[in-house]
Amino acid sequence: EYESVEPLHSALAALAYRLAPRLPAGNIPAIFSLSLFYTALTGVLVFLLGLQAGYSTGAALSAALFFGVGTLAFPYARTFFRDTPAMLFLAAALLAYERALDPARPPVARRWAWAAWAVCLLAGIATKNSITLAAPLFVLLAVWRGKREEGRGKREEGEERRKKDGIRFAVVIGGVLLLLAAAQLWGGAIFQRASPAYYRETLRILLNKPH
């Protein structure tokens, strides 16, 4: 019954187990090496996020290296916890989100980025339900981006800017609500832990026992 709760981690492990005979590795080593690939791919996403934010290649590479060897990502890469794939999907959602809001990108590319954001965030929740707690942060990021752009002197007409902000918030909040609705609809299986009580208890633990 356990694999029906937050199942994506187990599903990816099962896929690695099935593919292992075709690779120069045993079944169990193939499963336990997944976290290495999850962590490495997350490092690549950190690098791409640095470039997306406008930092130099050297600065983005330094951030990725610090992430790999200077955070808990390093010890977690040797485990089989679901935190590593959840981290990967959350980083991918953040990169897709940043690209979706990038005005320099073509409209079609931005629409695809929004779709990728929703898929990655949903995959993260299907891997570890507590990823849902990160969803409201995207709204705060939208506010921060607006302040940053305004501070850099990017002037727009007041009405046009409010319209863009309204669309931005509607997309983000609508996406979060859809994810939460999906969590409740599928609560009997995939999102069994997705409930207000579960998230209240998670917040209580995080606030009372930070780690």
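The values are calculated or read from the model by the stated rules, or taken from the named source; none is laboratory data. The model shown is predicted, which means the values in this text are computed figures rather than measured ones. Reconstructed Cβ throughout: ideal geometry from the backbone, glycine too, with neighbour counts over all protein chains shown. Protein only, heavy atoms only, side chains kept; ligands, DNA and RNA dropped before computing areas. Shrake-Rupley method; radii C 1.70, N 1.55, O 1.52, S 1.80 Å.
Averaging 1/r across all pairs of distinct Cα atoms in the stretch 1-144 and inverting the result yields a Kirkwood radius of 16.3 Å. Taking TRP117, TRP144, TRP112 and ordering them by how much accessible surface each has at a 1.4 Å probe, largest first, produces TRP112, TRP144, TRP117.
Remark: spin-label model distance LEU23-ARG200 equals 4.3 nm, labels positioned 7 Å along the Cα→Cβ axis.
With N the number of residues in the stretch 12-66, Rg(Cα) / (2.2 N^0.38 Å) evaluates to 1.52.
Using heavy atoms of the protein chains and a probe of 1.4 Å, the accessible area assigned to LEU12 is about 50 Å².
Starting from the Cα of ALA40, move 7 Å in the Cα-to-Cβ direction to define the label point; list residues of the stretch 84-99 whose amide nitrogen is under 17 Å from there. Residues 84-85, 88-89 fall inside that zone. In the assembled protein chains, THR57 presents an accessible area of approximately 90 Å² (probe radius 1.4 Å). Largest to smallest in accessible area, the residues ILE205, ILE167 fall in the order ILE167, ILE205 (1.4 Å probe, all protein chains included). With the simple model of a label 7 Å out from the Cα in the direction of the Cβ, THR79 to ILE167 spans 4.2 nm. Put simply, the convex hull of the Cα atoms in the stretch 63-116 casts, on average, a shadow of 4.5 nm².
On the basis of the beta-carbon distance and an R0 of 25 Å, ARG111 and ALA53 show a calculated FRET efficiency of 0.70.
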